[in-house]
1. Taking the condition of being within 12 Å of another protein chain (Cβ to nearest Cβ) and buried (at least 17 other Cβ atoms within 10 Å of the Cβ), how many residues in the stretch A:50-65 meet it?
2. Being closer than 26 Å to residue B:69 by Cα and β-branched (Val, Ile, Thr) is the filter here; which residues of the stretch B:213-267 pass it?
3. Kindly list the number of the only condition in (1) in a helix (DSSP H, G or I); (2) of a type outside the set (S, T, N, Q); (3) touching a residue at least 24 places away in the same chain (Cβ under 8 Å); (4) farther than 20 Å from residue B:102 by Cβ that fails for residue B:230.
4. Please find, among B:44, B:9, B:52, the residue that is more than 12 Å from chain A (Cβ to nearest Cβ), of a type in the set (S, T, N, Q) and out of contact with any Asp or Glu (no Cβ under 7 Å at 6 or more places or on another chain).
5. Only one of B:326, B:411 is in contact with a Lys or Arg (Cβ under 7 Å, 6 or more places away or on another chain), at pLDDT 80 or above and within 13 Å of another protein chain (Cβ to nearest Cβ); which?
6. Residues in the stretch A:5-21 that are in a strand (DSSP E or B) and modelled with pLDDT under 90: how many?
7. Is it the case that residue B:295 is within 14 Å of chain A (Cβ to nearest Cβ) and either crowded, with 20+ Cβ neighbours inside 10 Å or in a helix (DSSP H, G or I) (or both)?
8. Need a quick list: strands (runs of 3 or more DSSP E) entirely within the stretch B:31-113 having at least 1 residues that are surrounded by 16 or more Cβ atoms within 10 Å (Cβ to Cβ), of a type outside the set (A, V, I, L, M, F, W, C) and within 20 Å of the chain's Cα centre (by Cα).
Amino acid sequence: MIKLTGIEKIYQTQKMETLALSNINLEVEKGQFISVMGPSGSGKSTLLNIIGLLDAPTRGRIVLEGAEIESYKDRHVAKLRNEMVGFIFQTFHLISDLSALDNVEIPLIYRRMSGSKRRQKALEALERVGLKSRIHNFPPELSGGQQQRVAIARAIAGSPKILLADEPTGNLDSHMGGEIMEILKGLNDQEKTTVVMVTHNQRLADQCHRIIRLFDGRRIS
Amino acid sequence: MLKNYLIISFKVLMRRKFYTFISLFGISFTLMVLMVFFALYENSFGNIPPQSKNDRILTTTYVQFGGKIFSRISSPGYVLLKHYLKLHTLPRIEGASIFSSRNNVDLLFHDRTIKVSRKRTDGDFWKIFDFRFLKGRPLTADDEKKSNYVAVINESTQKKLFGNKNPLGAFIELEGQPFRIVGVVPDVPALRDRPFADVWVPLSTAKTKAYLKDGVFGDFNAVVLAQKRADIPLIKKEYSERLQRLDYPVPEPWTYAKGRMETYLEIGARSTLNKKGYLDKTYANKFRIILLIGVFIFILLPTINLININLSRILERSSEIGVRRAFGASTRVLVVQFIVENVLLTLIGGILAFGLSWGILQVFNTVDIIPYKNLRFNFLIFFFGFAITILFGVISGVYPAWKMSRLHPVAALRQGAM
């Protein structure tokens, strides 16, 4: 499903170079639930951004669903992200002036899809995360857990093959965090969606199939 | 996809209502001023009756004669125009008309006296200028030849004296001379100096015949109607050369003579730029350039302002930009979305501007700053306004959209989280 070979990421400014990732090799099978752990600055989010094609590696190869990513041209990767990847962020990144339903529709806007079909898929996603009664609410009117569920609905609305979750429970209390984790596990179990989750929480990580540990940009396990 | 852009754009506009209001105010005010200005310009120089043939009409400027010790500049006299320059024989013209400058005189009708602007004309005046007659007929060459005491009045004068009654055949008195009304025309805007008057009478009904003996200077103007626009340079050249070849001592022998036939725009430019005596050249191009630069600067300032507002908004919308990119929006899609948002905003501003402009034009038409102006909207103004609106929206949206598209999605998300 996901294969990274010799991935390196260097951030270059005028004053210095920062090695964010070095020689990362990783294989994730379809339907696996992987957690990525490590101290702050170890390159976890960078790794997630590279897997999700939000950022291009300085060196190395990425293969997604058997196809090697050869070109990082904007339109090409935008299409791949839209079709294959769903993102869940620690700070939710919901658009506060759009309703829950409108937020969930965002990935579907960039596909050739009728308005009614788009709406139907968005409703299904919200129902999947148990928020059917809140479709017209705006993010400021929702609790943290509800906002994250909307974000999950947004991530899954387009039926992506890969879910990338960057500390999805980081801004939630343990109870809500547990709820979110149950949703992600449910998606993984039932839909066989591949999930790669960055987390600091060992308890959550232990619920995953595999733990990848990073330190100073290198994979240590 | 366009429908999506429009829906998203509308929602974005409704988000920050205050920002939207500020932007709309700037846009609509700018566009309103431009449309009113264009209406004024069109009213002054456009091809509308009685100057529908404005692009083929040439008119005389001042004439200047100078010698070793003297120099004089003034309006040309009847004798100069008729007998020395022989305007009627200029090449490639359909007609030539000599008429007096307008004079303010008292008009007496029964026991009422009103002040009117009177112009004396020949028959060709009514062929070159295409007045639309509400009643009756124009003055003719025969009226001029026979010194018929007949008059054409404008609609305002008719309303003041006769109300809704038919004035044809009635007699009015101008400077003690009775004139029978034979025609009524719509008001001519005062900005249209050459055809403008309240009352028109035949040249030959002048109280004194001094104008027939006056020399090169006088109180007259002339217009000629070229057969084709392409003939204009030839007519101008011939007129100037005839002036140079003039065999007339003025008051004294002269060494140079200057004078031009110019289009209405050239006359307007000369007058606006206060170049009465500078008869060596024309000022139409300079006038156009000044107007264009003025319009450009006037549009540029709010455009820059709107660009700045949009740029600051990009920072506010970093999170949204990052999210959209994360979920599959390409740079092109985001740029188009942003430009559509901006064009939608300017279109709304344009619609408001149309409304405001219409209101302002109604106020102008009511207030008597410029007599008989009839500022109105027409297709040209509408098209011009619409084009400017779209251009405004695209230009003020392109640079911010380009800046936004350069925002790396990871950086955008990080900024949005801060």
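The values are calculated or read from the model by the stated rules, or taken from the named source; none is laboratory data. As the structure is a computational prediction, the values presented were derived from the model and not from experiment. All Cβ positions, glycine included, derive from the backbone under ideal geometry; neighbour counts span all protein chains shown.
1. As a first pass, look at the stretch A:50-65 and keep what is within 12 Å of another protein chain (Cβ to nearest Cβ): A:50, A:52-56.
Then keep just the ones that are buried (at least 17 other Cβ atoms within 10 Å of the Cβ); that gives A:50, A:52-55.
Counting residues in the stretch A:50-65 that are within 12 Å of another protein chain (Cβ to nearest Cβ) and buried (at least 17 other Cβ atoms within 10 Å of the Cβ) gives 5.
2. B:216, B:250, B:255
3. (3)
4. On the way: B:9 fails: out of contact with any Asp or Glu (no Cβ under 7 Å at 6 or more places or on another chain); B:52 fails: out of contact with any Asp or Glu (no Cβ under 7 Å at 6 or more places or on another chain).
Exactly one residue qualifies, and that residue is B:44.
5. B:326
6. Count: 6.
7. Values: within 14 Å of chain A (Cβ to nearest Cβ): no; either crowded, with 20+ Cβ neighbours inside 10 Å or in a helix (DSSP H, G or I) (or both): yes.
The answer is no for residue B:295.
8. B:57-66
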